[in-house]
Amino acid sequence: MLLKLHLKIIFTFLNPALLAPFTVRMMTDIGDCKNEIPLLDLRRNPVRKNLELRHRIAIETRNYLDKLNFLEVETPVLIKSTPEGARDFVVPSRMNPGEFYALPQSPQTFKQLLMVGGFDRYYQIVKCFRDEDLRADRQPEFTQIDCEMAFVEQEDILNTFEGLVRNLFKTVKGIDIPTLSRMTYADAMKYYGNDKPDIRFEMKFVEMNSIVKGQNFKVFDDAQLVVGICAKGAA
């Protein structure tokens, strides 16, 4: 015996939506659209992939540091101002009129307390707040992996965090980096004039004191150091 079932579905439009004021382009920023809508569209693949990448980096960082007996400690956000370079964001206190908290520029005050308190390996993935002018590599808040180790030498620190970098590339991106090159601060300043040089361009400073000094050109004669950059093939 066959039983036929007829199913009837009725759709009712409760509130029809207007056409979106921007076009969802899966591979471009919404800012490229005509109306410049300041809206982050989470449906776009690049945005989702960035969030997934950040998620994987956080997980693998915690896994790696946990294996090295680091303890994750969440430190307070409402603190007193600390004498550092950047300006503080301040938060007024309702219970203490006229008094303010400062948002931490970095949690270094607390990691010093942790070291004194006997927590010899500590880390946290933490927000930092700095009321600075916006630049290419600066924004009001950012996240950093903050760590502290006690009773260690320079090699212990370098090996630990070089290992973290190699582990992240291997587990998150599938890229194997056998070793990381090192550069002393003195060489970085001598050849690039910067303590975080971009070495991809290989445009090192070349000292020219012996060539340009003593030629009756006051700018060079008065300078402590004169350097030049060789741009091959650009003459």
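Between Ala58 and Ile175, what is the FRET efficiency for a Förster distance of 22 Å, r being their Cβ-Cβ separation, to the nearest 0.05?
About 0.75, to the nearest 0.05.
Hey, what's the Cα Rg ratio for the range 183-235 versus the globular rule of thumb, 2.2 N^0.38 Å?
Against the empirical 2.2 N^0.38 Å value, I get 1.30 for the range 183-235.
Counting pairs of alpha carbon atoms under 8 Å apart in space and at least six apart in sequence, what relative contact order in percent does the chain give?
In percent, rounded to a whole number, it is 11.
If I stretch the segment between Cys230 and Ala188 completely, what's the gain in nm (0.36 nm per residue apart, minus their alpha carbon distance), one decimal?
Stretched out fully, the Cys230 to Ala188 stretch lengthens by 13.4 nm.
Please state the charge dipole magnitude for the range 44-182, taken about the Cα centre, from unit charges on C-beta atoms (+1 on K and R, -1 on D and E), reported in debye and rounded to the nearest 20.
My answer is approximately 680 debye.
Charges on Cβ only, +1 for Lys and Arg, -1 for Asp and Glu, centred on the Cα centroid of the chain; of Gly174, Leu71, Met203, which one is farthest towards the dipole's positive end?
Value computed over the given set: Gly174.
Using label points projected 7 Å from each Cα along Cα→Cβ, tell me how many nm separate Ser93 and Phe119, to one decimal.
Between Ser93 and Phe119, the label points sit 2.3 nm apart.
Take a quick pass over the range 44-182 and tell me how many lysine pairs come in under 17 angstrom between Cα atoms, counting only ones 8 or more apart or on separate chains.
Close lysine pairs under the 17 Å cut-off: 5.
How large is the Kirkwood hydrodynamic radius of the chain, in angstrom, based on all distinct alpha carbon pairs?
For the chain, inverting the mean 1/r across all distinct Cα pairs yields 24.3 Å.
So what is the diffusion coefficient of the range 34-172 in µm² per second by Stokes-Einstein at 25 °C and 0.890 mPa s, using a Kirkwood Rh over Cα pairs?
The diffusion coefficient I find is 138 µm²/s.
What is the calculated FRET efficiency for Val47 to Val165, with r their C-beta to C-beta distance and R₀ = 35 Å, to the nearest 0.05?
0.90
If I stretch the segment between Glu207 and Ala17 completely, what's the gain in nm (0.36 nm per residue apart, minus their alpha carbon distance), one decimal?
Gain in length upon complete extension: 61.8 nm.
Using a 7 Å offset from the Cα along the Cα-to-Cβ direction at both Leu158 and Glu72, what is the distance between the two label points in nm, to one decimal?
3.0
So what is the relative contact order of the range 110-235, in percent, for Cα pairs below 8 Å that sit 6 or more residues apart?
With pairs under 8 Å counted, the relative contact order is 13 percent.
Can you check what the net charge comes to around Asp137, using other residues whose Cβ is under 14 Å from the Cβ of Asp137 (Lys, Arg +1; Asp, Glu -1)?
Charge balance near Asp137 sits at -1.
Provide the gained length on full extension for the span Phe151 to Phe100, in nm with one decimal, where the gain is 0.36 nm per separating residue minus the Cα-Cα distance.
So the chain would gain 14.7 nm between Phe151 and Phe100.
Every number here is computed from the coordinates shown, using simple stated rules; none is lab data. Please read all numbers here as calculations on a predicted model, not as lab measurements. Cβ sites come from the backbone with ideal geometry, for glycine too, and all protein chains shown count toward neighbours.
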